[in-house]
Amino acid sequence: MSVATPKRQGADAPPSTARRDVCTGLLWVSPWLIGGTLFLLVPMAMSLYYSLTDYPILKPPVFIGLDNYTSMFSDVRLKRTVANTLVFGAAFVPLSTVVSLVLAALLSTRGRGGQKPLALSRFFRGAIFVPTLVPLVASAMIWRWLFNGQYGLFNVLLARLGIAGPSWLEGNWAIPALVIASLWGVGQQVVVYVAALQDVPRHLYEAAELDGMGPVRRFRNVTLPMISPSILFNVVTLTISTLQVFAVPYILFRDERGQREAGDFFNLYLYDNAFVYQRMGYASAMAWVQMLVVLALTAAMFWMSKKQVYYRA
């Protein structure tokens, strides 16, 4: 009487079967492999090469070594755009984090008996998230009208109160105006924080109440540690998007004379070098410097968050 031998799987499979499994797996992931190679790796390699050349787009690139990188140290407009970008990021990232946390906490607040008014909560969640669905160009045009120094809604309302409104899109008011316009899109951060707040175990709040903690101490000692991974995620993504800000300041601060100095940012100067001044090599060098700065800041934030972020797993 013969006993059937089970088929060998995994590491015990014959070489032909293992090769067939590998080929099948590669076939399934081939769209991502081919797409990533053609649209990510190849363009990155080309931009790295172009950053070492003088490339006016309409003529073949000429290799010049590190001249594009060294010339950045003497570029006056580059220094101004870097300063404006850093000031905007230093103001927007903390303010956006605080505003989105407060809104998320209000949306997650429970009423009497621990129940929430579901219909009202859903309405406000939708109202806060909807602005993120509006295209940036369309929303920037609306904000440009609101910030108009003569006919804008903000200055009209201030004039009725007897206050002379400022020129929002010029001088020292440019970056505060951009911060206000950017805060309109905090809905994505709010959604992440609401989901994190709902995931906080209720028994931790009950234990904090038994220990005599008030709302502020509960939020600081229980809520913040439990949602700290979400805070880190939002801060990292906000920092990256802030360093790459482009569409809104392009609409707000650019006129027939070009970009206003107060609203000139790094990505706007990169765009001008690539497509206005036709200095694609210099623009590629700027892009690589920007990527290295983003990687360095991201690594620094993850390193500094080792003792501040609490992972329950």
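Bear in mind these aren't lab numbers, they're just calculated from the coordinates by the rules spelled out. Note that this is a predicted model, so its numbers are computed, not measured. Cβ placement follows ideal geometry from the backbone for every residue including glycine, while neighbour counts extend to all protein chains displayed.
Worth pointing out:
- Note on semi-axes √(5λ) of the Cα gyration tensor in Å: of the candidates [x] 35, 21, 17; [y] 41, 38, 18; [z] 45, 20, 15, the value calculated from this structure sits at [y].
- Restricting the calculation to alpha carbons of region 14-68 gives Rg and Dmax of 19.0, 56 angstrom.
- In nm, spacing of pseudo-spin labels at Asp211 and Val294 (7 Å Cα→C-beta vector): 4.0 nm
- With the helix formula -39500 (n - 2.57) applied to DSSP H stretches of n ≥ 4, the chain reaches a computed 222 nm mean residue ellipticity of -19500 deg cm²/dmol.
- Sites Phe302 and Leu224, calculated FRET efficiency, Cβ-Cβ separation with R0 22 Å, nearest 0.05: 0.75
- Segment Arg77-Val22, extension gain: residue separation times 0.36 nm, minus the distance between their alpha carbons: 14.6 nm
- Region 14-68 - percent relative contact order, Cα under 8 Å, separation 6 or more: 20 percent
- With the simple model of a label 7 Å out from the Cα in the direction of the Cβ, Tyr277 to Ala91 spans 2.6 nm.
- Extension gain for the segment Val134 to Phe233, taken as residue separation times 0.36 nm less the Cα-Cα distance, is 33.3 nm to one decimal.
- Comparing mean-square fluctuations of Tyr205, Tyr49, Tyr250 from a GNM of the chain with C-alpha springs under 10 Å, the top value falls on Tyr205.
- Three-way shape label, region 83-218, alpha-carbon gyration tensor, a/c 1.5: prolate
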